[in-house]
Structures are given as structure tokens and as C-alpha cells.
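What follows is a short report on a single structure.
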Amino acid sequence: MTLKPTFADILNVADARRAAARRLPRGLFEYVDRGSEDEISITTNRSQLDAIRLSPAVLVDVSGRSTEAEILGHRQPLPLVIAPTAVAGLVWYDGEIAIAKAAAAAGIPFCVSTQSITAIERIAAESGARLWFQLYVWKNRQRMLALLDRAWAAGAETLVLTVDTAVGPNREYNLRNGFGIPLKTSWRAGLDVALHPRWTASVMLRALATGGVPTYAHYPDAFRTKLGRASLSDEVSLATDVTWTDVELLRRHWRGKLVLKGVLRVEDAQLALAHGVDAIVVSNHGARNLDCAPGPTQVLPAIADAAAGRLEILADSGVRRGADIARFLALGASGVLVGRAPLYGVAIGGAAGAGRILDILANELRITMGMLGAPTLADLRVLPNGNSRAV
């Protein structure tokens with residue numbers, strides 16, 4: 001593939017992250033990039049992944065190695081899913097569509113967020129991607145079910161219930177830098193925007209010119225508000241009383257695959273299995289929510305052992321290299337979700353930028369497999385008696 005000059009120096013995810021930091025207003029970048037409270041888990045996720053050593057086999061023919069994976073019954077070229085993110089449409093104009101186009105080109109699913117700025121109908125029509133839909137439970141369950149019917153009608157094949165955000169997280173840096181949702185007017189935010197004219201012209205002013213201040217596109221018309229205003233109704237506020245009863249309701253109502261995202265206990269994985277869930281994502285929300293939560297690598301092997309093939313296991317949080325994907329797979333996951341990395345890519349170049357990131361991760365994964373003597377993903381192994389559980 002011939003790279004655009006813009007991407008000539010983007011050799012890894014870290015390069016894209018630095019470029020995104022220059023392009024985006026500081027408040028928006030930090031909302032994408034940072035964690036919660038003291039941000040210990042951001043560092044811990046990275047150190048725990050780095051601590052995992054994979055076991056290389058030598059004198060193995062790796063000339064025909066394959067990154068093909070099966071996730072929830074679909075064969076696909078890479079073991080990846082684009083994780084749901086709420087602000088892609090602020091990072092790039094029509095950012096959700098741009099990332100979905102990159103996912104379609106890579107042959108992997110794109111998970112649309114409940115809080116997407118672009119409606120799932122547009123994403124489906126303009127991207128050609130296989131779509132999943134992520135759900136935050138609203139206080140009014142009937143309105144929530146109507147949203148699920150809408151997602152199904154638009155072509156979403158898998159429902160992902162986020163289960164690790166019972167309350168809003170404590171992100172103090174956004175209080176300091178003036179960024180938040182609802183968007184608030186402040187001198188800090190105004191200066192931040194003024195110092196990033198490319199983003200202001202290509203994203204915010206373009207959005208204002210074509211459709212006004214962005215809104216959460218999946219909220220009911222009667223309750224949809226601009227991102228600068230609070231919700232008009234408590235009915236579509238995020239519920240804090242979500243329980244396994246809601247999982248039962250979703251299992252009865254949703255006709256496709258059902259996934260729980262944010263599971264970190266063996267007991268919860270077993271309950272998911274008992275409630276007819278098809279898969280779980282072992283995740284600490286990219287260290288964005290609970291700063292004292294365990295890293296997914298700490299609990300993934302035990303959860304995978306307990307599931308014993310009866311429940312599909314996916315994982316995410318902290319992926320920056322193809323080797324990180326290999327680590328999660330070797331620990332027992334069948335697929336990996338990536339969130340921040342594609343956001344960095346779309347921030348610097350739309351669909352082509354997100355595609356560049358996916359190409360980089362895929363190439364790094366293939367190199368890692370070759371060095372490990374692993375012709376297929378199933379051949380990936382952690383080092384015996386080594387730091388495979390990262391505890």
C-alpha cells in the first residue's frame with residue numbers, strides 16, 4: 001500500500017498518539033487518552049502486558065502464517081474488533097463512519113457506541129462494515145429496548161452491554177482542562193480550541209455548518225440535546241440499578257449475539273454463562289473508570305480456564321503493539337478489542353489514518369508470530385512457568 005505523505009512517519013501507535021496530541025485540543029485528547037483519579041491503572045496495564053513473555057519455537061515453517069480468527073461464529077482476517085468509543089465524531093468529522101470504513105477494509109467488526117455522535121443507520125449505509133452495538137442501560141428500559149430494535153433494524157449483529165460503569169468515573173483532569181460532556185464554555189476551552197485551528201476548522205466548524213452542535217444520535221428525538229446542554233429527561237440517564245435481571249431482559253429481547261464488556265471476576269464469567277451470554281470482554285475499560293481495578297492480564301487466564309470453551313472470551317485495555325494482541329490471545333482470549341489506537345489514527349487522517357493503525361497492528365502481529373514460530377494464532381504460547389499471569 002502506498003502511504004500518504006502524512007503517514008510516512010507513523011510507524012507505530014505511539015507515533016500516531018503523539019501526532020493526535022498535536023492536532024486535537026488538549027481537553028479532547030486527554031478525554032481520549034487518560035484514565036481516572038491517579039491513573040495508576042494506565043501504567044499498570046502497560047507494565048503487566050510488558051511482563052508477559054511468550055514462548056518461541058524454532059525451526060518452524062512460518063512462510064504461510066495466518067492471522068485469521070473466528071469471533072462469535074464469523075471467520076475474519078484479524079482477531080480484532082473496534083471497541084465502542086463515544087467521541088470519535090469529535091475527533092474527526094463523521095469519525096464513527098471513518099473508523100467503520102477502516103474496519104470494513106480490514107474485514108473486522110466496528111462496535112457502535114450508544115453515545116455515538118453519528119446514527120447507526122448512517123454508519124451502516126456509508127461504511128459497509130459489520131456492526132456491533134454497545135449499550136448503556138437507560139433508566140427507562142422500554143426506551144432502551146426501542147433503541148435495541150433500532151440497532152437490530154440497522155444491521156447490528158451483536159449487542160455489547162458495558163457492565164463496568166455503574167456510576168460516572170472520577171476524571172479530575174477534565175475538570176482542570178475545561179473539557180467535559182455536556183460541553184461547557186470556559187476561557188480554558190476557548191483558548192484550547194483557538195490553539196488548534198486545523199481541528200476547529202475541519203471538525204467543529206464543519207459540524208456547525210452542516211448540522212449544528214453535535215448531539216448523541218441514538219437518544220430519542222424528544223430528549224436529544226446538544227452536547228453543550230444537560231439531558232432534557234431523566235428517562236435516558238444512565239441507570240445505576242443495572243443487575244443480572246437486565247441481562248435476562250436483554251437475552252430475551254435481543255435476537256443476535258450478546259456480549260458483556262468489563263468482566264474481571266471468574267464468578268461473573270460463570271454467571272454470564274448461566275444467563276445465556278455468548279461472550280465476555282475481560283477489560284478494565286482501558287483504565288478509564290476504576291483506578292484500583294486489576295489489569296485484564298491478571299484475571300484472564302483464570303477466567304479462560306473456568307469458561308473451558310463454553311463461553312467465548314475477548315479482551316481489551318492497553319493494546320499498543322501487535323505483540324500485545326498476541327499476549328492476550330496466548331492468555332486465552334479468542335479476540336481483542338482496540339479503542340484508543342484507532343482513535344489516534346482517525347484523529348490524524350480519518351479512515352486512512354485509522355486504516356494505517358490497523359495495518360501497523362496487523363503487520364506487528366504477523367512479525368511476532370513469525371518470531372515465535374507460530375503459523376496460526378492457536379500456536380501462540382506463554383512462557384511455561386514464567387510470568388504468564390502477570391501477578
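The values are calculated or read from the model by the stated rules, or taken from the named source; none is laboratory data. Since we're looking at a predicted model, the values are computed, not measured. So basically every Cβ, Gly included, is an ideal-geometry build from the backbone, and we count neighbours across all protein chains shown. Side chains included, ligands, DNA and RNA excluded: accessible areas come from the protein's heavy atoms. Shrake-Rupley method; radii C 1.70, N 1.55, O 1.52, S 1.80 Å.
Applying the condition of being among the acidic types (D, E) and more than 25 Å from F110 (Cβ to Cβ) to the range 282-339 and asking which residue is least open to solvent (accessible area, probe 1.4 Å) yields D291. When the residues of the range 225-279 are filtered to those that are in a loop (DSSP other than H, G, I, E, B) and open to solvent by 80 Å² or more (accessible area, probe 1.4 Å), the one that is modelled with the lowest pLDDT is R229. Scoring A14 on the criteria (1) at pLDDT 95 or above; (2) in a helix (DSSP H, G or I); (3) surrounded by 15 or more Cβ atoms within 10 Å (Cβ to Cβ) leaves a single failure, condition (3).
For the range 39-47, the count of residues that are assigned to a loop (DSSP other than H, G, I, E, B), closer than 20 Å to P214 by Cα and modelled with pLDDT under 95 is zero. When V167 is tested against (1) among the β-branched types (V, I, T); (2) in a loop (DSSP other than H, G, I, E, B); (3) within 16 Å of the chain's Cα centre (by Cα), exactly one condition is not met: (3). Residue by residue through the range 115-136, note down the ones that are open to solvent by less than 10 Å² (accessible area, probe 1.4 Å) and among the aliphatic types (A, V, I, L, M). Correct list: I120, I123, L131, L135. Taking T162 as the residue in question, decide whether it is among the hydroxyl-bearing types (S, T, Y) and modelled with pLDDT under 95. The answer is no for T162. Contact map, the range 360-374: residues that are farther than 15 Å from A69 by Cα paired with residues that are charged (D, E, K, R) and surrounded by fewer than 19 Cβ atoms within 10 Å (Cβ to Cβ), Cβ distance under 8 Å, separation 6+ or inter-chain. Pairs shown: L372/D379; L372/R381; G373/D379.
Can you tell me which residues in the range 108-136 are part of a loop (DSSP other than H, G, I, E, B) and basic (K, R)? Hit for the range 108-136 is R130, nothing else.
Inspect the range 213-233 for any residue being in contact with a helix residue (DSSP H, G or I) (Cβ under 8 Å, 6 or more places away or on another chain) and among the acidic types (D, E) and give the result as yes or no. The answer is no; no qualifying residue exists. If you go through the range 340-368 and keep only what is over 16 Å from A103 (Cβ atoms) and either surrounded by fewer than 24 Cβ atoms within 10 Å (Cβ to Cβ) or of a type outside the set (A, V, I, L, M, F, W, C) (or both), you end up with N363, E364, R366, I367, T368. When the range 35-52 is filtered for residues that are over 26 Å from D359 (Cβ atoms), out of contact with any Cys (no Cβ under 9 Å at 6 or more places or on another chain) and surrounded by fewer than 21 Cβ atoms within 10 Å (Cβ to Cβ), the ones remaining, listed by number, are D38, E39, T43, S47, A51. Considering the range 88-114 alone, what residues qualify as being at negative phi and open to solvent by 30 Å² or more (accessible area, probe 1.4 Å)? Once the filter is applied, which keeps residues that are at negative phi and open to solvent by 30 Å² or more (accessible area, probe 1.4 Å), the range 88-114 yields W92, Y93, K101, A104, A105.
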